[in-house]
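See below for the structure under consideration.
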Amino acid sequence: MDPWLIWLIVSGVMIVAEIFTLTAALGMLGVAALITSASAAAGLSAPFQFLVFTVVSAVTLLFLRPVAVRHLHQPQTERFGVEALVGQAAYVVSDVTGRDGRVRIGGEEWSARAYDETLVIPRGATVDVLEISGTTAFVYPRE
């Protein structure tokens, strides 16, 4: 079997293994094996093939992998679902107390409670959504 084909098979195996492990290390080694396959197809001898594999592996693992891992582990910047409603302004549809009330948030009507249970927020007021628990929005009047 030709050396370039062996390197190509090794590359494929490592890249497939990366899909299952998500470590970014096997993918980098797979890319190094792919580049080594190209150098073997160009006619480099076995010692130079191993040198190419070693250099490309070292460069990708030392310099590219930290960047890839940093991008994989970034905190979520976008909020979705009910988390996206926290901090939004709402319009009071019916008086909001510590026990009940209704507000309109972004075109949807929600059950609501005053975040401060002693408050009574009148109909027509604008409030901020401080928390969502289940289907109830906890709100506080804007000042």
message: Skipping prolines and chain starts, which residues have an amide H placed within reach, meaning under 5 Å, of the one on ALA112, given they are 5 or more residues away or on another chain?
response: GLY101, ARG102, VAL103, ALA137
message: If you count only protein heavy atoms and use a 1.4 Å probe, how large is the accessible surface of PHE63, to the nearest 10 Å²?
response: 140 Å²
- prompt: Given a Förster distance of 22 angstrom, what is the FRET efficiency for PHE63 paired with VAL16, based on the Cβ-Cβ distance and rounded to 0.05?
  reply: 0.40
message: Explain nothing, just compute: Karplus ³J(HN,Hα) = 6.51 cos²θ - 1.76 cosθ + 1.60, θ = phi - 60°, for every residue of the stretch 121-130 in order, whole Hz, x for Gly and Pro.
response: 9, x, 4, x, 6, 9, 10, 9, 7, 9
- prompt: To the nearest 10 square angstrom, how much accessible area does ASP128 have with a 1.4 angstrom probe?
  reply: 40 Å²
- line: With the label point 7 Å along the Cα-to-beta-carbon line of ARG104 and a cut-off under 17 Å to each amide N, the hits in the stretch 112-126 are 112, 122-126
field: Approximate spin-label separation PHE80-SER94, in nm, with each point projected 7 Å along Cα-to-Cβ
entry: 3.4 nm
Relative contact order (%) - criterion: Cα under 8 Å, at least six apart; region: the chain: 15 percent
task: Over the chain, give the accessible area per residue in Å² for a 1.4 Å probe, as an integer.
output: 65 Å²
task: Keeping the other protein chains in place, figure out the carbon and sulfur percent of the accessible area of the chain, with a 1.4 Å probe.
output: 64 percent
message: If each DSSP helix of 4+ residues adds -39,500 (n - 2.57) and the sum is divided by the residues in the chain, what number results at 222 nm, nearest 500 deg cm²/dmol?
response: -13000 deg cm²/dmol
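The values are calculated or read from the model by the stated rules, or taken from the named source; none is laboratory data. The structure presented is a predicted model; accordingly, all values stated were derived computationally and were not measured. No Cβ is skipped: glycine too gets one built from the backbone with ideal geometry, and neighbour counts run over all protein chains shown. Just so you know, the surface numbers come from the protein's heavy atoms only, side chains and all, with ligands and any DNA or RNA stripped out. Shrake-Rupley method; radii C 1.70, N 1.55, O 1.52, S 1.80 Å.
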